[in-house]
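**Student:** One structure coming up, written as structure tokens, with questions to follow.
The values are calculated or read from the model by the stated rules, or taken from the named source; none is laboratory data. As the structure is a computational prediction, the values presented were derived from the model and not from experiment. No Cβ is skipped: glycine too gets one built from the backbone with ideal geometry, and neighbour counts run over all protein chains shown.
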Amino acid sequence: MSRTRICKLPECGKSFDPIVPHQIFCSTRCATRLRVRLWKAKRRKDGGGGGGNGGGSGPTLFDELVPVDPKAIVLTDPRYRTPPVPEKHPPERVRQARRRAA
């Protein structure tokens, strides 16, 4: 006797015949999708958990940013200049001098 069920993944909704009595998803793909979605939501809620590139508890793209004072006006200093970025490699004359010294 087969009891047709509907997949628990909201966007799937496919009906299927369960292989085992406790099966609630039509495939492992649907089960993994929901599991990963819940895991990512939990990480966002907990603040990212650090990680190799910093992570931490800063806001993510999915957080809602609420201004402290909606009537506040942001004035930037028109005289501000971005500081120069140092070169990654020394100038050619310095490299040649180092080669001669070695």
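**Student:** What do you reckon, is THR32 of a type in the set (Val, Ile, Thr) and at pLDDT 90 or above? So that I can check it myself, show each step before the final result.
**Tutor:** Working: of a type in the set (Val, Ile, Thr): yes; at pLDDT 90 or above: yes.
In short, yes.
**Student:** Follow-up question, since we're still on this one. Of all residues being of a type outside the set (Ser, Thr, Tyr) and assigned to a strand (DSSP E or B) in the range 1-40, which is surrounded by the most Cβ atoms within 10 Å (Cβ to Cβ)? Just the residue, please. Break it down stepwise before answering.
**Tutor:** Step one: filter the range 1-40 for residues of a type outside the set (Ser, Thr, Tyr), giving 1, 3, 5-14, 16-26, 29-31, 33-40.
Subset that is assigned to a strand (DSSP E or B): 5-6, 16.
On the way: ARG5: 15, ILE6: 12, PHE16: 17.
The residue in question is PHE16.
**Student:** If you check every pair at least six apart or on different chains, which have Cβ atoms under 9 Å apart with a residue in the range 86-102 that is surrounded by 10 or more Cβ atoms within 10 Å (Cβ to Cβ) first and a residue that is modelled with pLDDT of 80 or more second?
**Tutor:** none
**Student:** Still on this structure, I have one more. Would you confirm whether or not the range 56-70 contains a residue that is modelled with pLDDT of 70 or more and not basic (Lys, Arg)?
**Tutor:** Looking only at the range 56-70, we keep the residues that are modelled with pLDDT of 70 or more, and these are 68-69.
So of that shortlist, the ones also not basic (Lys, Arg) come out as 68-69.
Yes, some residue in the range 56-70 is modelled with pLDDT of 70 or more and not basic (Lys, Arg).
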